[in-house]
Every structure is written in structure tokens, then in C-alpha cells.
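Below: the structure, in C-alpha cells.
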Amino acid sequence: AQKITQTQPGMFVQEKEAVTLDCTYDTSDPSYGLFWYKQPSSGEMIFLIYQGSYDQQNATEGRYSLNFQKARKSANLVISASQLGDSAMYFCAMREGSDGNKLVFGAGTILRVKS
Amino acid sequence: GAGVSQSPSNKVTEKGKDVELRCDPISGHTALYWYRQSLGQGLEFLIYFQGNSAPDKSGLPSDRFSAERTGGSVSTLTIQRTQQEDSAVYLCASSLEGGIMSYEQYFGPGTRLTVT
């Protein structure tokens, strides 16, 4: 079974609008961490935001916030005030406490910001 | 400071040849990871090093793949008798420690391997 599911292969958003990228995960481990990475066309992987399973509040980093719904096992990334430079592939990833060293990645969502 | 570096950036090789890919992690990072990204796909874990030891090799796809790390720093991923399905971008990442959940992994630019 897929551990990380990103159901949106591609998304468009108008510049300055907000966009939500979906991520659902599957684990029975009570201790886990969720990460979002951005991969522009240049290929580098850029860390955006982290949410721990025991964190009480949703993580925020500048224009990025994570809508963490533990009971639903979802960890959607919200990008506010989209910019042209946000156009990239976005990956959701998980680390599990019992197997806590590697990241397991979803298939990614391509985001295109329109001017 | 300097990020994770990888070499070569591109490698074209003939089927059946051996290749070596190199990763130089961020100074002071004790944990090092290798991932593989096939065209248009997410990343697939290959191997994890803590210091010079590799407690998790579960992602290596076959015994043609091996990796080592020396001096707690540079790592080399070796693919023997390359096959066309080995064509992918091989990404290396490092983090301060392997055991801390929240420590993000910093990725290198990758090596694009093409097997002809």
C-alpha cells in the first residue's frame, strides 16, 4: 500500500492566489514526521516545512503552512499569495519513528502559477 | 556554507559497465542518504549511513548496487554491470543526525545517470 498519496498530478493557480496541495499518509506508528519539499526545474530538492505527529499546532514557514488533520491522516500544504517562482514539483514525504531514518516520498504534484 | 555536492553531474555509460557516484555531505552532518529518482517519479530510498556504518540498506534494488562511506564524510555509490533500468537521477542527502525525527535532509544536485 502507498504510504504517501498525492492525488493531484498537476495544479494551476493564479498569481497572488492561495493554493492547497493534497497529501494523505498511511502509518500505524504513533511517532512520525511529515515533510514538504519543492523541486524546481533545475532539479534541486528544497526543504519547505515540517510537521511532527505530536505537534499540537499546524506548522507555518512564511507563505507555507501545513494543514495537519491527524484523524484524517492528511497533511496538505497551503501556499499563500502564489508567486511565479513557486512553479515547481512539490513532494510530500514521511519519516516513521520505528523506521525513522529514511524519507518515503509521494509521487509529487506539479504546480504552475499563471500571471 | 557549502551544501551537499555530488559528482559527476551527468554520467553516460554503456550497458554492462560499472559506475561510481560520489557524494560530499555538509560538514558536520553524520547522517547520509542515497535516493533514486526515475523520470517524473518521486524519490526512492536506497541506503542510509550513520557515520561510516550503514544500518539501513533496505532500498538497494539488487546486489549490483553497493555503497560505502569513509571518514564519516564522503560516500560512494557503485553500480556494477549497469542496466538500462538503472537510468535515473541519483540524489544524496545529509542531515545532522539520523535519529532525530525533525532534522531535515539537505539534498545535493544529483547525478543524472544514463545507461545506453
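The values are calculated or read from the model by the stated rules, or taken from the named source; none is laboratory data. Since the structure is predicted, the reported quantities are computational estimates derived from the model, not experimental observations. Here the Cβ positions follow ideal geometry from the backbone for every residue, glycine too, while neighbour counts run over all protein chains shown.
Condition first: of a type in the set (A, V, I, L, M, F, W, C), within 14 Å of chain A (Cβ to nearest Cβ) and surrounded by fewer than 19 Cβ atoms within 10 Å (Cβ to Cβ). Can you find one or more residues in the range B:88-97 that meet it? Give the steps one after another, and end with the answer.
So the first thing to find is which residues in the range B:88-97 are of a type in the set (A, V, I, L, M, F, W, C), and the list is B:88-89, B:91-93, B:96.
Filter again for within 14 Å of chain A (Cβ to nearest Cβ), leaving B:88-89, B:91-93, B:96.
Next, only the ones that are surrounded by fewer than 19 Cβ atoms within 10 Å (Cβ to Cβ) stay: B:96.
Yes.
Any idea which of B:Y48, B:Y106, B:Y35 is modelled with pLDDT of 95 or more, surrounded by 17 or more Cβ atoms within 10 Å (Cβ to Cβ) and hydroxyl-bearing (S, T, Y)?
Numbers: B:Y48 fails: modelled with pLDDT of 95 or more; B:Y106 fails: modelled with pLDDT of 95 or more.
The unique qualifying residue is B:Y35.
Restricting to the range A:3-44, and then to whatever is aliphatic (A, V, I, L, M) and closer than 17 Å to A:I79 by Cβ, can you tell me which residue is surrounded by the fewest Cβ atoms within 10 Å (Cβ to Cβ)? Show your work before the answer.
As a first pass, look at the range A:3-44 and keep what is aliphatic (A, V, I, L, M): A:4, A:11, A:13, A:18-19, A:21, A:34.
Filter once more, keeping what is closer than 17 Å to A:I79 by Cβ: A:11, A:13, A:18-19, A:21, A:34.
Details: A:M11: 15, A:V13: 18, A:A18: 13, A:V19: 20, A:L21: 24, A:L34: 25.
Checking each candidate, the answer is A:A18.
Would you point out the residue of the range A:67-82, among those that are free of Cβ contacts under 8 Å to residues at least 24 places away in the same chain and not in a strand (DSSP E or B), that is surrounded by the most Cβ atoms within 10 Å (Cβ to Cβ)?
Applying the first criterion (free of Cβ contacts under 8 Å to residues at least 24 places away in the same chain) to the range A:67-82 yields A:69-71.
Within this subset, residues satisfying the condition of being not in a strand (DSSP E or B) are A:70-71.
Values: A:K70: 11, A:A71: 5.
Once the filter is applied, the top-ranked residue is A:K70.
Could you run through the range B:18-76 and say how many residues are part of a loop (DSSP other than H, G, I, E, B), among the acidic types (D, E) and within 14 Å of chain A (Cβ to nearest Cβ)?
First, the residues of the range B:18-76 that are part of a loop (DSSP other than H, G, I, E, B): B:18, B:25-30, B:38-42, B:51-52, B:57-64, B:70-74.
Of the ones still in play, those that are also among the acidic types (D, E) are B:18, B:63.
Cutting the leftovers down to within 14 Å of chain A (Cβ to nearest Cβ) gives us none.
Selection size over the range B:18-76: 0.
Looking only at residues in the range A:83-115 that are surrounded by fewer than 19 Cβ atoms within 10 Å (Cβ to Cβ) and part of a loop (DSSP other than H, G, I, E, B), which one is farthest from the other protein chains (Cβ to nearest Cβ)?
Among those that are surrounded by fewer than 19 Cβ atoms within 10 Å (Cβ to Cβ) and part of a loop (DSSP other than H, G, I, E, B), it is A:S115.
Hey, among the residues in the range A:44-61 that are within 10 Å of chain B (Cβ to nearest Cβ) and part of a strand (DSSP E or B), which one's farthest from A:D26 (Cα to Cα)?
Taking the candidates together, the pick is A:I46.
Just to be sure, is B:E85 of a type in the set (D, E) and not in a strand (DSSP E or B)?
Working: of a type in the set (D, E): yes; not in a strand (DSSP E or B): yes.
Yes.
Can you give me the number of residues within the range A:19-36 that are away from every other protein chain (no Cβ under 13 Å), part of a loop (DSSP other than H, G, I, E, B) and closer than 16 Å to A:S65 by Cβ?
Residues flagged as away from every other protein chain (no Cβ under 13 Å), part of a loop (DSSP other than H, G, I, E, B) and closer than 16 Å to A:S65 by Cβ within the range A:19-36 amount to 1.
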